[in-house]
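First comes the structure, then the notes that go with it.
Please treat every number below as a calculation from the coordinates, not as lab data. Source: prediction; values computed, not measured. Here the Cβ positions follow ideal geometry from the backbone for every residue, glycine too, while neighbour counts run over all protein chains shown.
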Amino acid sequence: MLSGDNYAEWKEKVLLILGCSDLDLALHVEEPPIPTESSMPAAKANYERWERSNRLSLMLIKTHISQSIRGSIPNNDKVKAYLKAIDEQFVSSDKALASTLMKRLSSMTFDRSPAVRKHIIKMRDIAAKLKSLEVDMYEPFLVHFILNSLPVKYGPFKISYNTHKDKWSINELLTMCVQEEERLKHESPESVNMVTHGKRNAKKGKSVPMKKKTTFDKDACRF
């Protein structure tokens, strides 16, 4: 449904549905002359195909627009003109949305609450939305954007990439980040357990001799 801030994605999907359903003829071909009784059968069939495309396309588009927005769009019985009216209404909102998405992408940081995979996929999705708004972001640039969003503990990992001769794709970066996340997870518990066990053993070693010493002194006083 067209809700206001998803126009670019909505239009792309609507056009895809119309194309796959072979209903987009009226969007690409001007209305042919209305046939008369003397028109050739081919001309009549051509107009019938265009009329069917126009009618069903309008129905599909209108049923995928929320009621609150549909009332603000000038009505038209031609699907091409109707879609153009929607374009004109949302072109300015697309610019604002692109600016909002850029700010969101540039301020994103990985805080370890979701998995690193979800973090990267979210950033990749925002880049895809920007591309649909004609704000293209090249893959190497997005890779650096994602690397800069990782926390300090990924420092050696980032240095390794910067000194690496080859460039990674987004999918390669995703795989390597997931591996690094697993490595860091396995490292941390071992360090914590070693420190915890060391403290417990130290406490036990101190408490036992003190208890024995106290018992020995009491017995010595009785004798």
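Positive end of the dipole of segment 92-167, charges at C-beta (+1 Lys, Arg; -1 Asp, Glu), about the Cα centre: which of PHE157, MET108, HIS144 has its Cα farthest in that direction?
PHE157
Around ILE65, which amide H atoms from residues at least 5 apart in sequence, or from another chain, sit under 5 Å from its own amide H, with H modelled in the peptide plane?
LEU2
How much length is gained if the chain between MET1 and GLN179 is pulled fully straight, taking 0.36 nm per residue apart and subtracting their Cα-Cα distance, in nm to one decimal?
Fully extending the segment from MET1 to GLN179 adds 60.3 nm.
For segment 52-61, just list the computed ³J(HN,Hα) in residue order, Karplus coefficients 6.51, -1.76 and 1.60, θ = phi - 60°, integers in Hz, with x standing in for Gly and Pro.
5, 4, 4, 5, 6, 5, 4, 4, 5, 4
If I take every Cα pair under 8 Å that is 6 or more residues apart in segment 1-79, average their sequence separation and divide by the length, what percent do I get for the relative contact order?
For segment 1-79, the relative contact order is 40 percent.
Run the dipole for segment 1-101 about the Cα centre, Lys and Arg Cβ at +1, Asp and Glu Cβ at -1, nothing else charged, and hand back the magnitude in debye, nearest 20.
It comes to approximately 160 debye.
Just how large is the dipole of segment 8-52 about the Cα centre, in debye to the nearest 20, putting +1 at every Lys and Arg Cβ and -1 at every Asp and Glu Cβ?
In total the dipole reaches around 80 debye.
Can you work out ³J(HN,Hα) from phi for every residue in segment 71-86, in order, using Karplus 6.51 cos²θ - 1.76 cosθ + 1.60 and θ = phi - 60°, giving whole Hz and x for Gly and Pro?
Values, residue by residue: x, 8, 9, x, 6, 7, 8, 10, 5, 5, 5, 5, 5, 5, 5, 5 Hz.
Between THR36 and ASN75, what length comes free when the chain is fully extended (0.36 nm per residue of separation minus the Cα-Cα distance, one decimal in nm)?
Full-extension gain reported as 11.3 nm.
Taking 8 Å as the Cα distance limit and 6 or more residues as the minimum spacing, I'd like the relative contact order of segment 94-147 as a percentage.
The normalised contact order for segment 94-147 reaches 40 percent.
Which of LYS78/LYS131; LYS118/LYS153; LYS13/LYS44; LYS84/LYS131; LYS62/LYS122; LYS13/LYS95 have a Cα-Cα distance over 25 Å?
Where the Cα-Cα span goes over 25 Å, the pairs concerned are LYS78/LYS131; LYS13/LYS44; LYS62/LYS122.
Show me, for segment 3-18, the HN-Hα J-couplings you get by feeding each phi into the Karplus relation (A = 6.51, B = -1.76, C = 1.60, θ = phi - 60°), rounded to Hz, glycine and proline as x.
10, x, 9, 10, 4, 4, 5, 4, 4, 4, 6, 5, 5, 5, 5, 5
Averaging sequence separations of C-alpha pairs under 8 Å and six or more residues apart, then dividing by the length of segment 31-159, give the relative contact order as a whole percent.
The normalised contact order for segment 31-159 reaches 16 percent.
Using the Cα centre as the reference, give the magnitude of the dipole from point charges on the C-beta atoms of segment 72-136 (Lys, Arg: +1; Asp, Glu: -1; all else neutral), rounded to the nearest 20 debye.
380
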